[in-house]
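**Q** Here it is, the structure in full.
The values are calculated or read from the model by the stated rules, or taken from the named source; none is laboratory data. These figures come from a predicted structure and were not determined experimentally. Cβ coordinates were reconstructed from backbone atoms using ideal geometry, including for glycine residues, and neighbour counts include every protein chain displayed. For the accessible areas, the whole protein counts, side chains as well, though only heavy atoms, and no ligand, DNA or RNA atoms are used. Shrake-Rupley method; radii C 1.70, N 1.55, O 1.52, S 1.80 Å.
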Amino acid sequence: MKLLICGKGGSGKSTISSLLAKSMASKGLDVLVIDTDESNYGLHRQLGMELPDDFMNFFGGKREMIKRLMKFFKNADVEKMESETINIFDQRWGFNDLPEEYLAKKDGIRLLAIGKIHDFGEGCACPMGVLAKTLLNNLNVAEKEVVIVDTDAGVEHFGRGVEHGCDAILAVVDPSYESLKLAGKIDGMAKGIGKKIYFVLNKVDDDNRAMMLESLDQLNVVGMIPANRDVFRAGLAGEELDLHLPEIESLAGEILRGDSRWH
Ligand SMILES: Nc1ncnc2c1ncn2[C@@H]1O[C@H](COP(=O)(O)OP(=O)(O)OP(=O)(O)O)[C@@H](O)[C@H]1O
Ligand SMILES: [Mg+2]
């Protein structure tokens, strides 16, 4: 299964990606986490790993990517640019084909980072989006393997079509008006492309639970993660999330049951 985690900035995407990855790995699944966020540096810390080299460098770096894109767009019309065919390589990959030097590993989890913005004026993150999309489209996932894709904030990745190669989407919703509003938009976009969509409420407490549930009552809410002091403290210190939350266990179970291969 390839599961993409999305939501508003700061809603808890990386936190839930890490906790889910750890929970699924502890069930004996082989987990590949893909960091597609070009800006943030929290995910590898939450997983207790070093940040691996940008996977984009495997293809010669960002300039090389831009060259490939320019070649692609040279004869393209608007319809072609909007289509889902922008693949910058054709090769198919299994977990074991991914180049070792671009992976960090710990406790049954592999981490691959598409690429980060490093320098002033280096250009936009489009090549990273295209690489993430192509990799997901071309990644074979065997039984007992799970891919968890942590995304950048908002819905730009929907615009780029990164979701195309995923089986399911988990949207993280925190207690804010923007997050609740965005949930409706994500639901519509996910259904529009025929993807399974789940919602998880995050940072839930007695004051916000009822209002959040009421606001999302038409959506497929499969879990609620409480506001947790240890999660918050680890996030502030940039420490590994080495804790077990029963709510994450049941969320992982719910998602795995939703994937037909685990029925
Ligand atoms: N359940 C929770 N309880 C307490 N704090 C939380 C919880 N979930 C996330 N946080 C905190 O909220 C902040 C944002 O979390 P996180 O970085 O996972 O969000 P994100 O959606 O990945 O953000 P970004 O959009 O910047 O990538 C962090 O400080 C994190 O520790
Ligand atoms: Mg994040």
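**Q** State whether one or more residues within region 111-120 are within 16 Å of ligand 1 (Cβ to nearest atom) and on the phi > 0 side of the Ramachandran plot.
**A** Within region 111-120 (the criterion being within 16 Å of ligand 1 (Cβ to nearest atom) and on the phi > 0 side of the Ramachandran plot), the answer is yes, since at least one residue qualifies.
**Q** Here is a follow-up. From the residues in region 1-53 that are within 7 Å of ligand 1 (Cβ to nearest atom) and among the hydroxyl-bearing types (S, T, Y), which one is least open to solvent (accessible area, probe 1.4 Å)?
**A** S11
**Q** Which ones in region 211-243 are among the charged types (D, E, K, R), closer than 15 Å to L19 by Cβ and at pLDDT below 95?
**A** Answer for region 211-243, where residues must be among the charged types (D, E, K, R), closer than 15 Å to L19 by Cβ and at pLDDT below 95: just D242.
**Q** Another question about this same structure. With the structure loaded, tell me whether V200 is within 23 Å of A21 (Cα to Cα), assigned to a strand (DSSP E or B) and open to solvent by 20 Å² or more (accessible area, probe 1.4 Å) or whether it fails that test.
**A** It is false that V200 is within 23 Å of A21 (Cα to Cα), assigned to a strand (DSSP E or B) and open to solvent by 20 Å² or more (accessible area, probe 1.4 Å).
**Q** Please specify each residue of region 229-257 satisfying the condition of being open to solvent by 40 Å² or more (accessible area, probe 1.4 Å) and in contact with a strand residue (DSSP E or B) (Cβ under 6 Å, 6 or more places away or on another chain).
**A** If the condition is that a residue be open to solvent by 40 Å² or more (accessible area, probe 1.4 Å) and in contact with a strand residue (DSSP E or B) (Cβ under 6 Å, 6 or more places away or on another chain), then E247, E254 are the ones that fit.
**Q** When you check R160 against the structure, is it open to solvent by 70 Å² or more (accessible area, probe 1.4 Å), out of contact with any Ser or Thr (no Cβ under 7 Å at 6 or more places or on another chain) and of a type outside the set (A, V, I, L, M), yes or no?
**A** So R160 does not fit the description; no.
**Q** Which one of these is among the charged types (D, E, K, R), open to solvent by 10 Å² or more (accessible area, probe 1.4 Å) and touching a Lys or Arg at 6+ places or on another chain (Cβ under 6 Å): D206, D119, D152, D174?
**A** It is D174.
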